[in-house]
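Engineer: One structure is given below, represented as structure tokens, and several questions about it will come after.
Where a number appears in this text, it was derived from the coordinates with a stated rule and is not lab data. Keep in mind the model is a prediction, meaning the values are calculated, not measured. Quick reminder, even Gly has a Cβ in these numbers, built from the backbone with ideal geometry, and neighbours come from all protein chains shown.
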Amino acid sequence: MLNYKKLLPVTLFSLCVSGQPLFADDTMTVPIKRLKMETALLIAQAAISQCRKEGVQIAVTVVDRGGHPQVMLRDVLAMDISLPISKQKAHTAMSFNTALSQLSDRFTKPYMAPKLEGLILGAGGVPINIGGNIMGGIGVSGAPSGKTDEKCAVAGLEAVREELELDG
Amino acid sequence: MLRIFIIFFGLISSSLLFSDDSKDIDTIYSTRTLSLDLASKLAWQAILDCRKRGYSVAAAVVDRGGNVQTLYRDRFAGPHTIETAIRKAWTANSFRQNTGELASLLQKGVIPNQVQHNPGALLVGGGVLIQSQGGIIGGVGVSGAPPGKSERQSIDGACAHAGIESIRENLEFD
């Protein structure tokens, strides 16, 4: 049995400290920041141009936090399948809020979450996380190694990071 | 005499039949593809044109193989517009006809009803052929605006046309 009398002071104390009561919030909605299409486009173009510098033509997808693509670009010589793979990478990175290179050895058993349709764990996806706000994900596919894919995805994010951070 | 004639005839006919094949081996042909820059400009201008009309849409460009080169989805375009835009572009490109025209022919019964159930095909106005110097080099599809006066005069299609017009000079002279 829980001793509520003992818990009460603890609860009151924690309410005072955090200043954020659990249920008595004064707003009924949550504002969520989203990328403009123009921003998503800047990210995608920066990823393409970074990979061209690396000497590979790739496909890149930027998804919003609903997992829906905002911009997809496939360089002229990039394979057709690189486009859906880039979308899956972007979606996975956004959902797990982690660069996919960090996840490669995390799900090793046969029936774990990433076996779900539409998710993929190969390196080349990074989340767009600005100050704790998850705004989407970037996925790159088409380079010979996932490392290069990820480098291009990161270059896409770096192209807009400062401005996004300034916008708060 | 007859023997000479047969040999002569045989020589002529064989040269007629095989001359092209033996001289230059004609096993490869080339197609043209939009550069990523031009495909991007096309999609972007289609989006802008629809913005001017007050609509948030998605615009997709596919190459001659039907594979997506660029996809832009504007701020308030719903998630279904992605797939719809791609399928319109794919259909225009593969059927070698704008989807507004195809939809109109479907309504009149000129195109068999079953055609609209072809996997991947979407016979709804808004998909437009990209033509360059007399050849087809891909398709552009727009989705998200409300229907226009008719399938041939769909708003999606008008935005797609605006996108193509913005790169018309490059298409014809590059």
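Engineer: Any idea what % of Cα-Cα pairs in the range A:37-167 are farther than 27 Å? It would help to have the intermediate numbers written out before the result.
Structural biologist: Numbers: 938 of 8515 pairs.
Roughly 11 percent, rounded to a whole number.
Engineer: Under a Cβ-Cβ cut-off of 14 Å, what is the net charge of the residues other than A:His68 that fall near it, where Lys and Arg count +1 and Asp and Glu count -1?
Structural biologist: Taking every other residue near A:His68 into account, the sum is +2.
Engineer: For the range B:54-66, just list the computed ³J(HN,Hα) in residue order, Karplus coefficients 6.51, -1.76 and 1.60, θ = phi - 60°, integers in Hz, with x standing in for Gly and Pro.
Structural biologist: Residue by residue, the range B:54-66 yields x, 10, 9, 10, 10, 10, 10, 10, 10, 7, 5, x, x Hz.
Engineer: Quick check for me: using +1 on Lys/Arg Cβ and -1 on Asp/Glu Cβ, what's the dipole size of the range A:37-167 about its Cα centre, in debye to the nearest 20?
Structural biologist: 480
Engineer: Still on this model: Any of A:Lys151/B:Lys41; A:Lys53/A:Lys147; A:Lys33/B:Lys52; B:Lys41/B:Lys88 with alpha carbons more than 21 Å apart? Name them for me. List each step's numbers first, then the result.
Structural biologist: Numbers: A:Lys151/B:Lys41 26 Å; A:Lys53/A:Lys147 14 Å; A:Lys33/B:Lys52 24 Å; B:Lys41/B:Lys88 19 Å.
Over 21 Å apart, Cα to Cα: A:Lys151/B:Lys41; A:Lys33/B:Lys52.
Engineer: Could you give each residue of the range B:145-160 its phi-based ³J(HN,Hα) in whole Hz, using Karplus coefficients 6.51, -1.76, 1.60 with θ = phi - 60°, and x for Gly or Pro?
Structural biologist: 7, x, x, x, 5, 8, 4, 5, 10, 6, 5, 3, x, 4, 5, 4
Engineer: For chain B, what is the mean residue ellipticity at 222 nm derived from helices alone (per DSSP H run of n ≥ 4: -39500 (n - 2.57); sum divided by total residues; nearest 500 deg cm²/dmol)?
Structural biologist: -15500 deg cm²/dmol
Engineer: Then there's this: Test of understanding: ordering A:Asp149, A:Asp26, B:Asp74 by Cβ neighbours within 10 Å, fewest first, what list do you get?
Structural biologist: Details: A:Asp149 33, A:Asp26 5, B:Asp74 21.
Neighbour counts put them in this order, fewest first: A:Asp26, B:Asp74, A:Asp149.
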